[in-house]
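Taken together, the values in this text are just the output of simple stated rules run on the coordinates, not laboratory data. Predicted, not measured: the structure shown is a model, and the values here were computed from it. When we count neighbours, we look across all protein chains shown, and the Cβ atoms used for this are built from the backbone with ideal geometry, even at glycine.
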């Protein structure tokens, strides 16, 4: 949820940058800093905590100049300390860098730089970028070229802005992947940079959005944009209305479309401040249950509604696998009415995007009356569920989700559940640091893989929507961890397109739903190469034998699946219990495109509400 603001022009850059960061405070952060270039040279001011602390410091240690940039950080690598706050310097101290995203290969790059004699002051991956830019600047004398070369070394989604005392009239910004956006605002003899539109709307509404693998050289006169390989490119200028809703939506047609596209960034934000790759540890500092309490847990009740219930089903797979604790998953609306017998060593895991869902709150109250602590896996900060969870909230940090049909909150729930399962396994001794490290690496790589799916699946889903948007029924099939994803895919389609759809365990298809299959029913089969891949192929054969048209979600390079299915959307491979985060993305895209073609109100489907506060 990091915020980026940059400025070059005639104004006091400190005022513009700090004001822009204040407008991004809603995104969440734990430290802040600015770098200003002026008559006093390069001036860095950083502080831990809220922006008010940075503003207080600036009152006693002013920084003045007409060029500058600032950042609000939510920690990923390294703790919440001033030395870890952005901006970060290179080895010479003459270049500063701010960054959104995660450098997937930062340990490898840091090791390479340390072998070359570099000393690092922080524990962040951002400082690695600063040192790389510094190395390439020494070789080339060009900040633009240095940033270009440094970005070529990085893996993972990253947005980077660099400033150098030897290029005092220039900022260089680059975007790699989809974990962080970059918006350039154009004014009269001044130019702005931000990670989100609200930061600069007070100054301009003429905006340029950098795309994946774009690099911009920014001066007072505007921006010159190239691809990372140096090829010149022109990006359109978008005029944004002052209307806050239109501004928040940006250049997307619907909030749901925007929120699907925001998932790489949202998944990155779930991880911030919670992982240490080098130590092989997970940190969930908001939780109030100590290690002894976690070790005593012998059963977990996951309660939720709708999409969050599907996340609860996934949490069951994760927690039982990593922590070896029994998990029962209940609809929150049914939980208290069955008079559950929870037991002394139980834990309630309440999953809710809004934190205000009345059924989920009632389940938490039932647990409290039986002396059972609860943890709330929740997106809305300060919500009722977060306040009443005596075991503490586990915030998603997915940012505002306006579309009624949940997308980025769902995938964030899955990632947060994965972290919680690892944390529980760590506390209970079922996982060692060596066993945890590959899972942390896979989590770090996940946002980049989601970005790949968004890019590759989108055009296929458009074609499929053109073909199937007149369908009246659809069947979604999956097995094991992808069964909850089949349920979620069906729910998304019925919620926003009003097509009747059902999710089913693929192995159970022959016990009823097979009677519905004919040439008019699309059957969406989730079949990545996993432990039950061959079973899914058999189920696909059964659908084909009855004339069904199969849309398969499978692994990249799977020629066998492509030969059996009518249509295939492929996703990259990852660890088995993270694979569903990738397989659900095409289902979200497909539901969205179908609903658009049917003329439905995508963001506000009939009869539905974002926060259900009545029984």
Study note, to complete from the structure: Rounded to the nearest 10, the angle in degrees between the Cα long axis of helix 106-115 and the longest principal axis of the Cα atoms of the chain comes to 40
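Of 337, 592, 7, how do they rank once you tally other Cβ atoms within 10 Å and put the fewest first? Walk me through the intermediate numbers first.
On the way: 337 10, 592 29, 7 32.
Final ranking by Cβ density, sparse to dense: 337, 592, 7.
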Practice item. Can you tell me the 0 to 90 degree angle between the C-alpha axis of helix 13-23 and the longest principal axis of the chain, rounded to 10? Key: 10
Check your understanding: Using alpha carbons only, how many degrees (0 to 90, rounded to 10) separate the axis of helix 433-468 from the longest principal axis of the chain?
Key -> 70
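Tell me what the chain gives for mean residue ellipticity at 222 nm when only DSSP H runs of n ≥ 4 count, each as -39,500 (n - 2.57), the sum divided by the residue total, rounded to 500 deg cm²/dmol.
Working: 19 runs with 233 residues, N = 615.
Rounded to the nearest 500, the figure is -12000 deg cm²/dmol.
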Revision key, fill the gap. Exposure-ranked with fewest Cβ neighbours within 10 Å first, 569, 102 stand as 569, 102
